[in-house]
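Reviewing the structure listed below.
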Amino acid sequence: MKRALTFVVVTLSLTTTILQAAGPQMASTGDRGRYLVGIMGCNDCHTPFKMGPHGPEPDMARFLSGHPAGMALQPPKISGEGWMWAGAVTNTAFSGPWGITYAPNITSDATGIGPWTEENFLKAIKTGKHLGVGRPIFPPMPWQAYSRATDEDLKAVFAFLKTVPAIKNQAPEAQLAPPPGAPAGAAAAPPAPAKKK
Ligand code: HEC
């Protein structure tokens, strides 16, 4: 009996240690989401960069609004051995073997995640598919790493995103490269499931 009790106590204290390691206690889910978005680096790719006094920095007036509409780019000419991919001057567009991807708007606007449900968001991050059902989500969106977050943390991230001031900005569509070995003219990714009329 005493042994069993000791076991319970040890287990409980271990659990507390693990929970504490998951980050500081937050007053609300939104606060936890703000903290997570800060340490998970969403800003680095979803907020356009501008030149600041100390070099390129995220333009906080365009916080999380994605790659600017109408600024579709041509693939860069990458020369020199050892290079594989490149980032645009805004740090919101990326070119590599996958083609060109543009970080979308993830503010609460209708052109962002406004129409998304929490389920859409969790599924997208966990499956690496657009809205959890569509085409694969390509680099450099690090969904593989984020898919290991707890449901609770992903829900907190989504709750915070829903509070981010709406900015209207429809990022350009990705220009995806055909997969390696595909016949010429093949589509890069399976088409999104047909919408019911
Ligand atoms: C290293 C750059 C990078 C980082 C960091 C990053 N993203 Fe992304 N994200 C992208 C790119 C690029 C795309 C578009 C990929 C594509 O078109 O396939 C994207 C796509 C998305 C999408 C759209 C998914 C879909 O279903 O189409 C969401 C939502 C998203 N990111 C949220 C986030 C959140 C939240 C964070 C922080 C927790 C984050 N991203 C961090 C680059 C990044």
Whole-Å distance linking the alpha carbon centroid of segment 141-171 with that of segment 55-94 is 20
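Over the residues of segment 76-128, compute the C-alpha Rg and express it relative to 2.2 N^0.38 Å.
On the way: Rg = 15.1 Å, N = 53, 2.2 N^0.38 = 9.9 Å.
Output field value: 1.51.
At 20 °C and a viscosity of 1.002 mPa s, what translational diffusion coefficient does Stokes-Einstein give for segment 41-197, taking Rh as the Kirkwood radius over Cα pairs? Give it in µm²/s as a whole number.
128
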Let me check the size of segment 42-125 from its C-alpha atoms; what are the radius of gyration and Dmax in Å? 14.5, 44
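Between residue 26 and residue 89, 0.36 nm times their residue separation minus their Cα-Cα distance comes to what?
Details: separation 63, 0.36 × 63 = 22.68 nm, distance 3.52 nm.
So the chain would gain 19.2 nm between residue 26 and residue 89.
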Using the basic label-point model (7 angstrom from Cα toward the beta carbon), what is the residue 126 to residue 170 distance in nanometres? 3.1
Going down the list 50/155; 123/168; 77/168; 50/162, which pairs span over 28 Å between their C-alpha atoms? 50/155; 77/168
Quick query: amide H of residue 176 versus all other amide H atoms, modeled in the peptide plane; which residues come in under 5 Å with a sequence gap of 5 or more or a different chain? 100
Could you compute the net charge surrounding residue 29? Neighbours are other residues with a C-beta less than 14 Å from the C-beta of residue 29; K and R count +1, D and E count -1. -1
Straight-line reach from residue 129: which aspartates and glutamates fall under 18 Å, measuring Cα to Cα and dropping same-chain residues less than 8 apart? 118, 119, 151, 173
Please name whichever of 178, 124, 145 sits farthest to the positive end of the charge dipole of segment 74-192, dipole taken about the Cα centre and charges placed at Cβ: Lys and Arg +1, Asp and Glu -1. 178
Which chymotrypsin sites (Phe, Trp or Tyr not before Pro) from segment 43-103 combine a DSSP loop assignment with at most 11 other Cβ atoms within 10 Å? 83
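None of the figures in this text is laboratory data; all of them are computed from the coordinates on show. On a predicted model such as this, the values are computed, not experimentally measured, just so you know. Positions of Cβ are generated from backbone atoms using ideal geometry, with glycine treated the same way; all protein chains shown enter the neighbour counts.
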